[in-house]
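The values are calculated or read from the model by the stated rules, or taken from the named source; none is laboratory data. Just so you know, these numbers come straight off a predicted model, no measurement behind them. Don't worry about glycine lacking a Cβ; one is built from the backbone with ideal geometry, like all the others, and counts go over all protein chains shown. What goes into the accessible areas is simple: the full protein's heavy atoms, side chains included, and nothing from ligands, DNA or RNA. Shrake-Rupley method; radii C 1.70, N 1.55, O 1.52, S 1.80 Å.
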Amino acid sequence: MVKTNLGWDGSSGDPAAIEPSEWFQAQANINQSDIRTSFNQSWPECWTEAADLLDWNTVYETILDDSNPPFYRWFPDGELNACYNCIDRHVDADNVAIEWIGNLGKTRSYTYSELYDEVNALAAALSNLGVSEDDVVTIYLPVVPELPIAMLACARIGAPHSVVFAGFSADALATRLDAASSEYLITCDGFYRRGDAINQKRRVDDALLQVDHSVDETIVVDRLGDEYPHALHDNEHDYERLIDSFTGTEVNPVSRSAEDMLFLMYTSGTTGKPKGVRHSTGGYLAQTAWTTQAVLDLDSSDTIWTAADIGWITGHSYTVYGPLALGATTVLYEGAPDTPDREHIESVIDEYDINVFYTSATAIRSMMKRHPPDTDYDLSSIRLLGTVGEPIGSDAWHWYRQTFGDGETPVVDTWWQTETGSIMISTLPGVDTMKPGAAGPPLPGNDIQVVDPDGNPVDTGQAGYLTVNRPWPSMARTVHGGDDRFIEEYWQRFSDPDTDTWAYFTGDGAQYDDEGYIRLLGRVDDVINVSSRRLRTVEIESQILDIEGVTETAVVGGRDEAGRTVVFAYVTTEQDRKIDKEHIREQVKQGIQDAVGELAHPGQVIITPDLPKTRSGKIMRRLLEDISNDNEYGDTSALRNPEIVGEIESALSEK
Ligand code: WT7
């Protein structure tokens with residue numbers, strides 16, 4: 001096929017731009033160069049293209065109900081079941097659904113019909129334990145096959161799931177169980193982390209002592225085996241025994257309204273505690289499947305490896321729901337996605353013939369820093385590479401494409417968030433010119449703007465706030481238990497109900513270039529992205545301030561020697577007592593670990609006599625950020641204590 005349009009509204013004038021190759025375009029799922037125009041002209045009907053990828057029990061008549069913004073409803077009179085769409089309809093083709101690569105050399109593989117059997121057995125067991133439609137089931141598991149199986153079993157019976165990242169502390173689990181009034185928990189005895197056995201069950205026991213309500217039933221997966229026996233209380237059930245007793249039982253997939261909640265996902269906000277973002281069944285699954293097909297170019301015959309923890313939105317959308325909705329094979333990789341042993345990554349790609357590899361910019365940067373390219377493995381199965389989570393600089397972009405894609409495959413730099421549910425900004429790999437360093441134009445159907453503080457679009461080349469100015473199917477419906485908070489966090493700032501103008505604020509800074517490509521400039525609030533997860537600095541700071549002997553602290557995101565963003569915690573301690581600084585340092589590290597989850601890198605703790613402050617006493621975070629990232633920083637004479645900069649620098653260089 002010959003390409004008729006070189007990129008986004010005409011050919012690119014940017015010398016660094018790279019055209020997609022003809023072989024890729026010829027086979028791409030989307031290669032109509034006018035797709036953005038046609039989506040715009042037929043909006044919101046264009047989104048039936050996404051909904052048509054799904055099987056509906058009751059076909060919707062309404063596409064978008066926008067009568068009560070910002071509480072938009074998509075396909076509201078339609079009914080479907082997400083589990084049916086991800087499993088039942090693919091059973092006949094009987095592809096492999098899941099390839100699991102566990103720690104310590106364990107692997108397992110599930111065809112769609114094997115997945116069907118186990119999900120049905122678990123769904124029957126859940127119902128038998130009393131789980132009914134709309135009960136929130138909390139899942140606290142590492143990346144083992146039982147995690148997606150549990151998600152899908154919940155979806156089958158219409159019980160929304162809330163997956164809590166397995167590396168989180170007992171406190172974090174308890175907060176999330178309480179916030180969702182969740183009475184059912186699926187967890188495990190423990191798991192391996194870099195060869196060590198972690199006792200997950202003990203954390204669960206701790207969490208259950210802390211919750212305000214009662215957790216009625218707990219299902220425990222035996223991940224560690226006989227070597228580490230664990231005791232079960234009366235209302236705790238062994239996963240395997242349950243599956244055995246319900247094997248062969250089929251459970252009808254419940255017909256859910258498209259607007260019914262599929263899952264909750266907790267993420268940090270700008271105010272208060274972590275918030276449970278609520279995702280819908282129809283709109284979420286439709287747009288997730290569509291972007292998997294359009295941006296990740298996935299077909300049912302493909303194998304995709306989205307190297308991200310399923311405890312985060314990336315894993316929900318592009319390890320589980322998107323690939324399975326399309327009937328493809330998805331790879332699950334246990335262990336920390338941000339500390340991959342690069343050789344292992346290459347051997348997995350080689351052995352499993354990965355066609356689409358999608359991972360975080362952080363992981364790419366750390367792979368790049370640690371290893372020279374290695375050609376022992378055959379990576380030729382790779383057709384497309386994707387990156388997410390942070391801006392990827394042009395060097396890392398080229399290294400990624402060269403190393404994993406032989407300098408040939410397209411790379412998609414995908415911008416999105418927990419709240420958007422699916423990818424929002426990216427090039428379409430079969431259509432658009434790539435520009436390393438810029439994510440791309442908005443995907444078809446999206447109206448995305450860069451605005452000034454008053455909400456007016458700024459000129460191209462100017463930095464501003466990134467907003468989404470039109471609803472989209474996979475958008476978060478609300479924040480669990482907090483419609484007001486949903487409005488406050490995301491809509492208030494740039495919307496004007498008087499003129500019926502609604503704009504969703506992303507929290508990111510960005511700029512457009514002349515060709516409609518968006519360059520992301522990072523968060524504009526006190527939120528940092530560590531190991532592809534979002535953290536509010538004040539949450540970590542308040543934990544640190546609770547430590548005895550600590551007087552002040554400022555937390556910023558900085559780069560470690562492997563190029564990853566990690567937490568840099570600057571701490572001052574009481575002066576006049578004999579303070580055990582090492583002890584404080586250990587406690588601060590523990591506090592950070594509780595916040596970021598123990599699979600992430602803890603970062604650095606810098607104990608300093610003072611923090612850089614303005615004359616009015618405000619901590620200069622920006623300066624700390626520059627110091628932590630080895631960036632140039634300007635004149636520090638406006639500081640009340642400019643001498644502290646040198647002291648901090650030398651404290652850092654000692655590390
Ligand atoms: C924040 C969302 C959704 C995937 C993982 C993180 C940043 C995401 C990109 C990108 C530059 C990016 C933004 C965004 N981000 N993708 N391609 N280029 N920045 O999900 O925890 O909800 O974080 O990640 O700052 O707001 P999340």
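Suppose we keep only residues that are at pLDDT below 80 and within 22 Å of the chain's Cα centre (by Cα) within segment 538-554. Which one would you say is nearest to the ligand (Cβ to nearest atom)?
E539
Can you tell me which residue is surrounded by the fewest Cβ atoms within 10 Å (Cβ to Cβ) among those in segment 555-592 that are of a type in the set (S, T, N, Q) and under 30 Å from the mean Cα position of the chain (by Cα)? Spell out how you get there, then give the answer.
Of the residues in segment 555-592, the ones of a type in the set (S, T, N, Q) are 565, 572-573, 575, 587, 590.
Going one step further and asking which of them are under 30 Å from the mean Cα position of the chain (by Cα), we end up with 565, 587, 590.
On the way: T565: 26, Q587: 20, Q590: 15.
Filtering first and then ranking leaves Q590.
Count, please, the residues in segment 348-363 that happen to be charged (D, E, K, R) and either assigned to a strand (DSSP E or B) or within 16 Å of the ligand (Cβ to nearest atom) (or both). Walk me through how you get there before you give the answer.
Residues of segment 348-363 that are charged (D, E, K, R), as a first pass: 350-351, 353.
Now narrow it down to the ones that are either assigned to a strand (DSSP E or B) or within 16 Å of the ligand (Cβ to nearest atom) (or both): none.
Looking only at that region, the number is 0.
Inside segment 306-326, can you point out the residues that are more than 18 Å from E146 (Cβ to Cβ) and more than 16 Å from the ligand (Cβ to nearest atom)?
A325, L326
Could you list all residues from segment 284-309 that are buried (at least 24 other Cβ atoms within 10 Å of the Cβ) and in a loop (DSSP other than H, G, I, E, B)?
Passing the criteria: V295, L296, D297, L298, A308, D309.
Out of T420, T427, which single residue is among the β-branched types (V, I, T), closer than 19 Å to R523 by Cβ and at pLDDT 95 or above?
Working: T427 fails: closer than 19 Å to R523 by Cβ.
Just one listed residue meets the conditions, T420.
Regarding V254, is this residue buried (at least 19 other Cβ atoms within 10 Å of the Cβ) and in a loop (DSSP other than H, G, I, E, B)?
On the way: buried (at least 19 other Cβ atoms within 10 Å of the Cβ): yes; in a loop (DSSP other than H, G, I, E, B): yes.
The answer is yes for V254.
Which residues, counting only those in segment 536-554, are open to solvent by less than 10 Å² (accessible area, probe 1.4 Å) and among the hydrophobic types (A, V, I, L, M, F, W, C)?
Within segment 536-554, I540, I544, A554 qualify.
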